[in-house]
1. Which one is nearest to residue 224 (Cα to Cα) among residues in region 319-350 that are buried (at least 17 other Cβ atoms within 10 Å of the Cβ) and in contact with a Lys or Arg (Cβ under 7 Å, 6 or more places away or on another chain)?
2. Looking only at region 290-308, which residues are under 21 Å from residue 362 (Cα atoms), surrounded by 13 or more Cβ atoms within 10 Å (Cβ to Cβ) and either touching a Phe, Trp or Tyr at 6+ places or on another chain (Cβ under 8 Å) or touching a residue at least 12 places away in the same chain (Cβ under 8 Å) (or both)?
3. Answer yes if at least one residue in region 309-318 is in a strand (DSSP E or B), touching a residue at least 40 places away in the same chain (Cβ under 8 Å) and either of a type in the set (Ser, Thr, Tyr) or crowded, with 17+ Cβ neighbours inside 10 Å (or both), and no otherwise.
4. Can you work out which of the residues in region 158-199 that are hydroxyl-bearing (Ser, Thr, Tyr) and in contact with a strand residue (DSSP E or B) (Cβ under 9 Å, 6 or more places away or on another chain) is surrounded by the fewest Cβ atoms within 10 Å (Cβ to Cβ)?
5. Failed condition for residue 309, given (1) touching a Ser or Thr at 6+ places or on another chain (Cβ under 9 Å); (2) over 22 Å from residue 369 (Cα atoms), with all others met?
6. Taking region 345-358 only, how many residues are modelled with pLDDT of 95 or more and either among the polar types (S, T, N, Q) or farther than 12 Å from residue 290 by Cβ (or both)?
7. Could you tell me whether residue 174 is outside any strand (DSSP E or B), among the aliphatic types (A, V, I, L, M) and modelled with pLDDT of 85 or more?
8. For region 275-289, how many residues are surrounded by 14 or more Cβ atoms within 10 Å (Cβ to Cβ), within 34 Å of the chain's Cα centre (by Cα) and either among the charged types (D, E, K, R) or at pLDDT below 95 (or both)?
Amino acid sequence: MNMSIRILGVFGLLFAASSAAQQPCPLDAPIVPGITPDEHIDVTGDGTPDLVITSVLDPTPDPEQGLFGWYRRHVRTLPGTSLLSWSTHNNYGYYILDDGASIDTAALAKNFHFKQLQWTPSEQPREFRLLQQAYGPGITKDMAGWYGTGEYADGTMILRSVTNGKARIAAFTISFAVSSGCISITTKEVLNVHRDFGKAGDPPPPLPPVEDPFSFGHEPSEPPIVIPPGIPPIERVDLTFDENDDVLIIGIERTGVDADDLGYYVRGVSPAPGAAFLMKRDASGEGWDFYRLPPEGSLTADILDHGLQAGTFVWATPEREGVFCPVLQQRITLNDKPQEWTYVYEEDKGDPVFRTMHHGQPVIGVVALRWSVPGGELGIDPQNWVEEGKVLQVR
């Protein structure tokens, strides 16, 4: 089994344990029958199963096709197991380790601190519905194989398991073979951690119900998210949904003007490598401002080309100059008194315009910046993008 265990001195020593995690499905694996007994997998090696590979019978008859229904094969978390996921405006899927990377608890702790990661509720199972097989009198032998559902569990994920007050986190992968219906769960790495590790990412407890005769049955709202002072880790955003980064949400520290002014934490957006923001000459003619497309406006190829040739427009890239659009700021203080985030972005001027590559083709687009104050959440939404050379409008 490909499994490594590291020791975290600050969290305690690991003890010897066996794991029931598996090897990847072999190419010559026998075909799995429609319904099989549940297979419980101990990913963390603490003696308690974390995941289960289960079969489900889904009777959905179609008499014209001779179909009685479907056998389905799923992977599901068991009680006490949580999966690590993103929790920001732009990133909310499961956390995936980079290829070949190990779990970096210090980096994860920083992500938790700045509300970028969370654990899924351990009492609410998460499920990966991976394989399906039709059954019924109209299903011939040639048709009775396993097929993918279109849902995948790509990459190395991280789970947390708490048993008898002790916590472990583990990196693992889920793989399957359509040819045989085999599903395999492979442990990559296991760490013992303090049971409060990542506590900032635990789901908040539900608010107590409030009897209000004027509530009209509305559920109480969740407590607002408050981003603490400091510079969060860089958040990468894919605006065109092609699995490539287009914009970075970053933070900087802006120095004060004198000894009594400690400055500000400032958060905003910058283009990712390979992308650019459109800038225009400011009123003085000596500096640059972000070009902002108004709600009812349009940017034609003629306007863009003329501005670029005349030197009144420029595509600003991170490779050539620092490009940063500030959105939120918070004063730096020496005490622990909470400070509120305030916005510095002038929303009424319109929305920024970006340029990037989408499946090898240059595109231009317009984005809307999203934020909340005083909590400090920050995100960015694409409003529209078109092939370079076409008219760009806000949608």
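1. 339
2. To start, the set of residues in region 290-308 that are under 21 Å from residue 362 (Cα atoms) comprises 290-293, 298-308.
Narrowing further to those that are surrounded by 13 or more Cβ atoms within 10 Å (Cβ to Cβ): 290-293, 299-301, 303-304, 307-308.
290, 291, 292, 293, 299, 300, 301, 304, 307, 308, listed by residue number.
3. Of region 309-318, the ones in a strand (DSSP E or B) are 313-316.
Narrowing further to those that are touching a residue at least 40 places away in the same chain (Cβ under 8 Å): 315-316.
Checking the rest, the ones that are also either of a type in the set (Ser, Thr, Tyr) or crowded, with 17+ Cβ neighbours inside 10 Å (or both) come to 315-316.
Yes: region 309-318 contains one or more residues that are in a strand (DSSP E or B), touching a residue at least 40 places away in the same chain (Cβ under 8 Å) and either of a type in the set (Ser, Thr, Tyr) or crowded, with 17+ Cβ neighbours inside 10 Å (or both).
4. Step one: filter region 158-199 for residues hydroxyl-bearing (Ser, Thr, Tyr), giving 161, 163, 173, 175, 179-180, 184, 186-187.
Filter once more, keeping what is in contact with a strand residue (DSSP E or B) (Cβ under 9 Å, 6 or more places away or on another chain): 161, 173, 175, 184, 186-187.
Numbers: 161: 25, 173: 19, 175: 17, 184: 19, 186: 21, 187: 25.
Ranking the qualifying residues of region 158-199, first place goes to 175.
5. Going through (1) touching a Ser or Thr at 6+ places or on another chain (Cβ under 9 Å); (2) over 22 Å from residue 369 (Cα atoms) one by one, residue 309 breaks only (1).
6. Residues flagged as modelled with pLDDT of 95 or more and either among the polar types (S, T, N, Q) or farther than 12 Å from residue 290 by Cβ (or both) within region 345-358 amount to 4.
7. On the way: outside any strand (DSSP E or B): no; among the aliphatic types (A, V, I, L, M): yes; modelled with pLDDT of 85 or more: yes.
No; evaluated as a whole, the condition is false for this residue.
8. Our first condition is that a residue be surrounded by 14 or more Cβ atoms within 10 Å (Cβ to Cβ); within region 275-289, this holds for 275-281, 288.
Among the residues that remain, those that are also within 34 Å of the chain's Cα centre (by Cα) are: 275-280, 288.
Now drop any that are not either among the charged types (D, E, K, R) or at pLDDT below 95 (or both), which leaves 280, 288.
Of the residues in that region, 2 qualify.
The values are calculated or read from the model by the stated rules, or taken from the named source; none is laboratory data. On a predicted model such as this, the values are computed, not experimentally measured, just so you know. In this analysis, Cβ positions are derived from the backbone assuming ideal geometry, glycine residues included, and neighbour counts consider all displayed protein chains.
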